[in-house]
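Since the structure comes first, as C-alpha cells, the remarks are kept for the end.
Nothing in this text is a laboratory measurement; each read-out follows from the coordinates by a stated rule. For clarity, every value in this text was computed on a predicted model and none was experimentally measured.
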Amino acid sequence: MNRAASTFAVRVLGAVRRIPAGRISTYGDIARLARNPRAARAVGTIMRLAKEPGLPYHRVVAAGGRIGGYGGSPQLKSSLLAAEGLQIRGRRIINFEQRRWRGR
DNA sequence: CGCCTGACCGAAT
DNA sequence: TATTCGGCCAGGC
C-alpha cells in the first residue's frame, strides 16, 4: 500500500477510537472524518483487515442506521450496541440520528 | 499495471 | 419495504 492509503487507514482507526460508548458513526462519516469523503467502502475494507485490537469497530454502522457488516457476525455487533444502550429493531438502530456521533 | 473483491452509499425501480 | 445499479476506493494477487 502507498503512503496516502496508509495515512488514510491511520486516520480511519484514529476516528473510530474516538467514537464514544453509546454513540455510533457511519462508514461514510468515518470516511469524511478521515478526510476522504468518497471512501466509505474502503473504510469497511480497512476495518475488516485492521489488526489494531481494542477499538470500538461495532460503533461504525451503515448509512441510515442499518447495522451493516461485522466480520462473520453482525449479530454480535447488534448485541454489543444493545449492551451500550442503543435500541435496535431488526437491522436498524432506533433514533439513529440522535445517537449519531459526527466527530468533535 | 490490470483485475477482482467487498464491514459502503444514494438514487432509482 | 426490498432489490438493483453505478460509482467509489483500498487491499490483495
> Per residue of chain A, what 222 nm ellipticity follows from adding -39500 (n - 2.57) for every DSSP H run with n ≥ 4, rounded to the nearest 500?
Replying inline: -13000 deg cm²/dmol
> Across segment A:27-35, in residue order, what do the Karplus-derived ³J(HN,Hα) couplings come to in whole Hz, using 6.51 cos²θ - 1.76 cosθ + 1.60 with θ = phi - 60° and x for Gly and Pro?
Replying inline: 4, x, 4, 4, 4, 5, 4, 8, 6
>> Taking θ = phi - 60°, what integer Hz values does the Karplus form 6.51 cos²θ - 1.76 cosθ + 1.60 yield along segment A:62-73, in sequence order, with x for Gly and Pro?
In response: 7, 4, x, x, 6, 4, x, x, 6, x, x, 9
> Based on the Kirkwood radius over alpha-carbon pairs, what value in µm²/s does the Stokes-Einstein equation return for the translational diffusion coefficient of chain A at 4 °C and 1.567 mPa s?
Replying inline: 95 µm²/s
